[in-house]
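What follows is calculated from the coordinates using simple rules that are stated; it is not laboratory data. Predicted, not measured: the structure shown is a model, and the values here were computed from it. Note that each Cβ is placed from the backbone with ideal geometry, even for glycine, and that neighbours are counted across all protein chains shown.
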Amino acid sequence: MSTSIPIPSLTNIRRTSSMSQQRHITHPMYTKGPFDITDSPTHDLKDGNNYGIFTSPAAIVVMDPKEGESNLIVDVSSYALRSTALTNDMVYSLTGRMIKNKNGTYKVFYEQCMNLCVGPSSNYIADTGLLLLNKVDVHGFGTIIKLNKVIVEDPDPNKEPHTDLHITLQHNNYDNLSRDSSIFETVYIVPGNKLLAKTHPLFDLGSEVVLVGYISSFNNQWIVTLRCLQ
């Protein structure tokens with residue numbers, strides 16, 4: 001069980017006038033890792049053309065607290081040739097930017113030159129579970145808009161509960177498909193372990209930070225568990 005404890009708003013939010021005047025600054029959420037392609041791609045090609053934007057549904061494997069191992073489905077899109085479009089039932093290592101669509105769904109706009117096929121989806125199913133679990137990494141650059149301390153009870157009754165810090169970052173980036181800006185929020189969990197608990201006081205509302213972790217869940221927002229700080 002966990003209990004959310006809102007932190008009172010900080011009065012001295014450090015914002016420089018020069019930053020507030022920059023209208024075109026971006027705060028991307030970069031992703032890198034294995035995506036399991038679950039269907040054939042769609043495209044915007046006209047007759048006779050071989051190059052355009054191809055979009056495929058893909059699964060990100062996470063451990064849901066209630067459902068266990070679960071597939072989070074996102075679209076993955078890129079400019080590509082027909083011959084280089086992603087193939088159904090294959091796993092690809094993709095590097096790209098997370099974008100929120102106008103309808104509330106998400107897509108990853110990946111770099112075609114950096115994608116790598118790492119084999120059939122069936123190769124990543126084992127008796128112990130899905131081998132793609134928690135393998136999609138995130139480098140999130142954004143502005144802190146919310147801080148919450150969350151007390152987490154340990155499954156072992158002989159151990160004391162610990163306090164995680166939930167940091168909500170606001171991301172914004174350019175959407176190549178809609179040709180518009182995409183703004184969304186992501187929750188980053190800084191565990192209250194011996195390694196990272198001492199970093200909790202370093203975070204202030206309004207600060208710009210880069211947080212590195214892996215996609216661990218989704219609850220109206222992406223949830224990323226930190227591996228380290230940068």
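Dipole size of the chain about its Cα centre, with +1 on Lys/Arg Cβ and -1 on Asp/Glu Cβ: approximately 860 debye, rounded to the nearest 20. Taking a ≥ b ≥ c as the square roots of the eigenvalues of the Cα gyration tensor, segment 80-230 is oblate, since a/c reaches 1.5 or more and a/b is not larger than b/c. Distance distribution P(r), segment 32-130, all Cα-Cα pairs, bin width 10 angstrom from 0: 15, 47, 29, 8, 1 percent.
Spin-label model, Lys102/Asn71: points 7 Å from Cα along the beta carbon direction are separated by 2.9 nm. Once the Cβ-Cβ distance of His139 and Ile53 is raised to the sixth power relative to R0 = 22 Å, the FRET efficiency obtained is 0.40. With 22 Å as the limit on Cα-Cα distance, the pairs of Lys146/Lys198; Lys149/Lys194; Lys135/Lys159 that go past it are Lys135/Lys159.
Figure legend: label point modelled 7 angstrom from the Cα of Leu116 along Cα→Cβ; residues of segment 30-45 with amide N under 20 Å from it are 30-37. Note: relative contact order over segment 106-230, using C-alpha pairs below 8 Å and six or more positions apart, is 25 percent. What the Cβ-Cβ distance of Glu208 and Ile183 gives, at R0 = 22 Å and to the nearest 0.05, is a FRET efficiency of 0.90. Projecting the Cα positions of Gly192, Ile145, Val76 onto the charge dipole of the chain (unit charges on Cβ atoms of Lys, Arg, Asp and Glu, taken about the Cα centre) puts Ile145 furthest along the positive direction.
Which aspartates and glutamates have a Cα lying under 20 Å from the Cα of Lys102, excluding residues fewer than 8 positions away in the same chain? Straight-line reach from Lys102, under 20 Å: Asp44, Asp75, Asp175, Asp180, Glu185.
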